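Structure first, then comments.
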Amino acid sequence: MSDVLELVDVSVVREGRALVDQVSWSVAEGERWVILGPNGAGKTTLLNIASSYLFPTTGTVQILGEKLGSVDVFDLRPRIGVAGMSVAQKLPGRQTVLQTVLTAAYGMTAGWQEEYEAVDEERARAFLDRLGMNELLDRRFGTLSEGERKRTMIARAMMTDPELLLLDEPAAGLDLGGREDLVRRLGRLARDPYAPSMIMVTHHVEEIAPGFTHVLMIRQGKVLAAGPVEQELTSRNLSRCFGLPLVVERREDRWTAQGLALS
Ligand SMILES: Nc1ncnc2c1ncn2[C@@H]1O[C@H](COP(=O)(O)OP(=O)(O)O)[C@@H](O)[C@H]1O
Ligand SMILES: [Mg+2]
């Protein structure tokens, strides 16, 4: 099958509560999905399943054609690129930007060695260049700004040449310039036919880059809407998702949302 991801009736239950509640969702090759939902909706939990780091309590999961539970996750994980806070926190702050990206080629978060191959270094430099980090290759990861750190993480996630790229709130904490810069770069990546299938979590429609094709909206672990962005990203769906009256607008290829004035 050509599905990149297929969840059937997936639930994650902790302490009697369903953090993810009977989710059925499939992502086909080449699609670029946005997961939208308020804080605590279960977005990161879903990404943890998609990256094979979390097994659901019930339901079945196929990732890149492999069934979770019957595949060796250590074969699967190099095929998936993940950029999110949980990964960033594991990376040593003393490593340089280049080292931080390069270590991903060897599936490591730490342990700089001198035997990296020239070809890997070339790749790391190319990804960093694409993300506008070429002047910061020798900076220590721990000294980077939020935006620089996010861009390094995305370059790092690309390093294993993944078939699936997962981004958890890549624009969180960025200032307006940083956000716009990242949206532009993600848009370029999303429209690149050779780029991997992508899933990006956010809670701001302003962060949806042009080129993202589909949206999954969740609230309290349940799917409210799933499908093409232009079809599902409506005021009605977004209002239900966030639990307040919202108006969604599209201007050229960007989105905005604001609370409905009650007068
Ligand atoms: N290991 C866990 N045990 C119990 N509750 C958890 C655990 N991990 C996350 N949660 C809770 O599950 C809900 C969904 O979390 P999460 O997926 O991180 O939400 P989101 O990323 O949408 O903000 C939250 O209420 C969170 O507190
Ligand atoms: Mg989260």
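Just so it is clear, none of the values below were taken in a lab; they were calculated from the coordinates. None of the values given here were measured: they were computed from a predicted structure. Backbone-built Cβ (ideal geometry, glycine too); neighbour counts: all protein chains shown.
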Practice problem: Rounding to the nearest 20 debye, state how big the charge dipole of the range 151-210 is about its Cα centre with +1 on each Lys and Arg Cβ and -1 on each Asp and Glu Cβ. | Solution: 180 debye
Self-check item: Degrees between helix 118-130 axis and first principal axis of the chain (Cα, 0 to 90, nearest 10)
Solution: 40 degrees
Practice problem: Quote to one decimal, in nm, the extra length available between Lys67 and Asn134 on full extension: 0.36 nm per residue of separation minus the C-alpha distance between them. | Solution: 20.3 nm
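At 0.36 nm per residue, minus the direct Cα-Cα distance, what do Tyr194 and Gln22 gain on full extension? Give it in nm, one decimal, please.
Values: separation 172, 0.36 × 172 = 61.92 nm, distance 3.25 nm.
Taking 0.36 nm per residue and subtracting the Cα distance, the gain is 58.7 nm.
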Quiz item: Tilt of helix 146-158 relative to the longest C-alpha principal axis of the chain, in degrees (0 to 90, nearest 10)?
Solution: 80 degrees
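By how many nm would the segment from Glu122 to Asp9 lengthen if fully extended, with 0.36 nm per residue of separation less the alpha-carbon distance?
36.4 nm
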Practice problem: Putting +1 on Lys and Arg Cβ atoms and -1 on Asp and Glu Cβ atoms, find which of Val201, Gly30, Ala257 reaches farthest to the positive end of the dipole of the chain. | Solution: Ala257
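Taking 20 Å as the cut-off for C-alpha to C-alpha distance, list the pairs among Lys67/Lys150; Lys90/Lys150; Lys43/Lys150 that go past it. Before the final figure, lay out the partial values.
Details: Lys67/Lys150 30 Å; Lys90/Lys150 14 Å; Lys43/Lys150 18 Å.
Exceeds cut-off: Lys67/Lys150.
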Self-check item: Farthest toward positive dipole pole in the chain [+1 Lys/Arg, -1 Asp/Glu at C-beta], among Thr45, Phe242, Leu174
Solution: Phe242
Quiz item: Binning every alpha carbon pair distance of the chain at 10 Å from zero, what are the percents per bin?
Solution: 7, 30, 35, 22, 6, 1, 0
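If you wrap a convex hull around the Cα atoms of the range 128-263, how much volume per residue is inside, in Å³?
Normalising the Cα hull of the range 128-263 by residue number yields 137 Å³.
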Exercise. Distance between Cα centroids, the range 194-246 to the range 60-102: provide it in whole Å.
Key: 24 Å
Exercise. Quick one: give the max-minus-min coordinate of the C-alpha atoms of the range 55-209 along each principal axis, largest first, in Å.
Key: 45, 42, 29
